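Since every read-out is calculated from the coordinates, none of them should be taken as a lab result. No experiment lies behind these values; they were computed from the predicted model shown. Positions of Cβ are generated from backbone atoms using ideal geometry, with glycine treated the same way; all protein chains shown enter the neighbour counts.
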Amino acid sequence: MQFDSEKISDTLMVIYHNEERLDANMAPSFVKYVSSVVDDQVNDLIIVLSEVKFIDSSGLGALVTLLKRLNGRGAVHFVGVNTIVGDLFKLTRLDRLFVEYESVEKAIEKLS
C-alpha cells in the first residue's frame, strides 16, 4: 500500500507516505486517502516523508491542502524530510508553515 495511518489520539494522527514521489500522479490519491482517514476531531497531522525523494508543485499543493483541511485547528508536521525536500520547502517558504521533527516519537511527545 502507498499510504498508512496511525491514530495516536482523538486529535493526533500519523500518516506514512510510502512512495518515493509525491507528484502530480500521486498527489490526488494522497489527499483522498488522508481525507478519508482524518475526521474533524484531528487537529494535528504528522506526515512521515522518509521514503519521499521527489516532490513537485502538485505534491506541495497537496500538503497545503491538508493544512487547509485542518481548518485552523492545528498544523501539519513532518518527519524524515531529506535534504532535497527540505531545500524545496525553504525555497518555497513552506518551511514557515510546517514543523519538522527528527522522529515520530519526538513529534508525538511534543504534540501530546
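Details
- Under 20 Å between alpha carbons - lysine pairs in the chain that sit 8 or more apart or on different chains: 7
- Counting only DSSP beta bridges with both residues in the chain, the antiparallel share comes to about 30 percent.
- Toward the positive end of the charge dipole of region 3-111, with +1 on the Cβ of Lys and Arg and -1 on the Cβ of Asp and Glu, the farthest Cα among Val64, Val14, Val42 is that of Val64.
- Label point distance in nm, Lys53-Ile8, each placed 7 Å from Cα along Cα→Cβ: 2.8 nm
- For the chain, the dipole from Cβ point charges (+1 on Lys and Arg, -1 on Asp and Glu) about the Cα centre works out to 400 debye, to the nearest 20.
- Region 3-111: Cα Rg divided by the 2.2 N^0.38 Å rule of thumb: 0.96
- Point-to-point label distance, Val99-Arg69, nm (Cα→Cβ direction, 7 Å offset): 2.1 nm
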